[in-house]
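> One structure follows; several queries about it will come next.
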């Protein structure tokens with residue numbers, strides 16, 4: 001391990017907090033990954049999590065849940081329920097506005113949101129939204145651990161989620177852990 005970075009807590013409102021790991025003074029980014037926000041596990045009441053509409057430009061966001069349910073809406077007209085193991089990729093390009101809310105869901109919420117820098121020439125592209133459910137992502141076992149490929153190519157497997165930055169995101173459930 002090169003270094004350990006502790007996330008900084010940030011309140012998103014309604015008592016819902018995240019731990020922002022990237023960017024950090026000791027590590028501005030990891031490859032194309034420029035933000036990493038971890039949230040939960042935390043109990044939420046129905047509708048309590050409400051990230052109001054806000055803009056993004058020149059990057060892409062990846063939302064991945066371990067537990068819970070979020071509703072994504074954006075200025076493209078997308079309306080998508082995000083469930084555990086699915087990958088939501090919102091490519092802002094020249095600009096997009098979106099919101100995320102727990103709406104009717106009450107229970108444990110646990111996940112992450114990562115921000116990807118778009119490569120040169122793609123920052124002003126048309127915005128896009130892609131959602132791929134968990135059962136459509138490559139999954140396999142290796143050494144007793146369970147792996148699910150969210151983005152990129154790994155071990156001869158390729159995720160169906162379209163990316164413009166060369167990157168890999170894999171969810172690994174280590175053998176002997178919960």
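A short reminder: the numbers here are calculations on the coordinates, not readings from a lab. Please read all numbers here as calculations on a predicted model, not as lab measurements. Cβ sites come from the backbone with ideal geometry, for glycine too, and all protein chains shown count toward neighbours.
> Using the count of nearby Cβ atoms within 10 Å as a rough guide to exposure, how do 140, 33 rank from fewest to most? Before the final figure, lay out the partial values.
On the way: 140 12, 33 18.
Starting with the residue having the fewest Cβ neighbours, the order is 140, 33.
> A further question follows. Along each of the three principal axes of the Cα atoms of the range 19-178, give the extent in whole Å, ordering the values from largest to smallest.
43, 39, 35
> Also, quick follow-up: Taking a spot 7 Å from the Cα of residue 110 along the direction of its beta carbon, which residues of the range 129-173 have an amide N less than 19 Å from it?
134-135, 145-150, 170-173
> Something else now. Arrange the peptides 80-87, 51-58, 167-174 so that the one whose residues have, on average, the most other Cβ atoms within 10 Å appears first. Present the calculation step by step, with values, prior to reporting the outcome.
On the way: 80-87: 18.0, 51-58: 13.0, 167-174: 15.4.
Order by mean packing, descending: 80-87, 167-174, 51-58.
> Under a crude label model (7 Å from the Cα following the beta-carbon direction), how far is residue 126 from residue 9 in nanometres?
Here the answer is 4.4 nm between the modelled labels.
> Turning to a different aspect of this structure: Taking the Cα-to-Cβ direction at residue 57 and at residue 38 and moving 7 Å from each Cα, how far apart do the two end points lie in nm?
3.2
> Here's another thing I want to ask about it. At a Förster distance of 22 Å, what's the computed FRET efficiency of residue 50 paired with residue 135, Cβ-Cβ distance as r, to 0.05?
Details: r = 28 Å, r/R0 = 1.29.
Approximately 0.20, to the nearest 0.05.
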